[in-house]
Amino acid sequence: MTKRSLWLLPLAATLILTGCSGSDNADPVTTESSPAPSQKQDQTSGKSLSADQVKDVVTKLVGEDSSAQILDNEVMKPQLENAKTMEGSNGIKPEECAKQQEKYTVTDLTGTVAASATVQGDSTGKVIQIFSITDAQTRKNISEALKLSDIEGCESISVSVSGQEVNTDRQILDLDSTADQALTMATQMKVGADEYLNSVAVQALEGNSFVLVTFSSGTVEAPLLAGEAMKLADQAFAEIKSLQ
């Protein structure tokens with residue numbers, strides 16, 4: 001499996017892998033403990049956005065990048081329906097880590113209005129997903145999933161991606177976010193004999209808006225990816241607030 005094919009994982013797989021994406025260097029992550037995710041006062045304020053507004057936010061975030069592929073809510077709907085039936089622990093080993101992943105993974109995001117963009121660069125790929133939540137239970141499920149604060153014992157796992165088992169090292173990163181709740185996960189996937197894919201996923205919730213930004217690279221290390229991903233997530237919330 002190539003790095004480039006992993007950058008373009010289908011939405012359903014991306015949602016399941018959100019809890020395991022990125023790493024901060026070319027060596028396996030060996031931290032003994034993980035910092036807690038950013039948690040602010042839980043709020044439910046902020047009206048939901050329309051399909052056109054959500055797409056506008058995604059479009060502004062990618063700017064003039066000609067490589068961007070943007071999916072609007074109409075295209076996203078069937079993908080979200082497919083993701084709904086998938087197991088959050090799909091293909092994860094060992095078993096105790098699969099159980100943890102199942103507990104802290106939300107695969108049902110059908111109670112949202114959504115848009116996404118994939119940008120494929122020469123050395124870095126990024127996926128931006130904006131969800132405007134229309135269902136109270138969906139918001140509650142996301143909020144609970146973002147409370148994951150410790151993956152001790154599950155820093156190193158294997159995961160099935162497109163039918164292929166990939167060894168993965170994970171770490172929760174402690175980054176400040178403007179959102180009510182945020183969880184940043186760094187992962188390093190082995191994609192060849194001596195090749196690794198570094199990836200960082202920022203998941204953030206504020207009011208009725210859920211933002212997921214994933215940066216992946218075979219050459220750029222996680223700290224740089226994490227800073228750029230969080231900056232883009234914060235920018236997304238600023239754009240959302242301007243429309244509410």
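Each label point was placed 7 Å from the Cα along the Cα-to-Cβ direction; for residue 102 and residue 238 their separation is 4.2 nm.
So which GluC sites (Glu not before Pro) in the range 108-208 pass both tests, a DSSP loop state and at most 13 other Cβ atoms within 10 Å of the Cβ?
152, 195
For a quick check of your reading of the filter: which chymotrypsin sites (Phe, Trp or Tyr not before Pro) in the range 189-222 sit in a DSSP loop and have no more than 13 other Cβ atoms within 10 Å?
Working: sites: 196, 210, 215; in loops: none.
Hits after loop and neighbour filter: nothing returned.
Taking 29 Å as the limit for the C-alpha separation, the pairs 60/103; 77/147; 99/140 exceed it in the case of 60/103.
Would you please classify the overall shape of the range 186-244 from the alpha carbon gyration tensor, given that a ≥ b ≥ c denote the square roots of the eigenvalues, rounded means a/c under 1.5, and beyond that prolate means a/b larger than b/c while oblate covers the rest? Because a/c hits 1.5 or more and a/b exceeds b/c, the range 186-244 counts as prolate. Here the 3J(HN,Hα) profile of the range 158-165, calculated from phi with Karplus coefficients 6.51, -1.76 and 1.60 at θ = phi - 60°, is 10, 9, 8, 10, 6, x, 10, 7 Hz, Gly and Pro shown as x. The simple Förster model, with R0 at 45 Å and r as the Cβ-Cβ distance, assigns residue 231 and residue 95 a FRET efficiency of 0.75.
Using a Förster radius of 30 Å, what is the FRET efficiency between residue 219 and residue 70 based on their Cβ-Cβ separation? Nearest 0.05, please. Kindly include the intermediate steps, with their values, before the conclusion.
Working: r = 26 Å, r/R0 = 0.86.
With R0 = 30 Å, the Cβ-Cβ based efficiency is 0.70.
Laboratory data are not the source of any read-out in this text; all were calculated from the coordinates shown. Small disclaimer: the values here were computed from a predicted structure and weren't measured. No Cβ is skipped: glycine too gets one built from the backbone with ideal geometry, and neighbour counts run over all protein chains shown.
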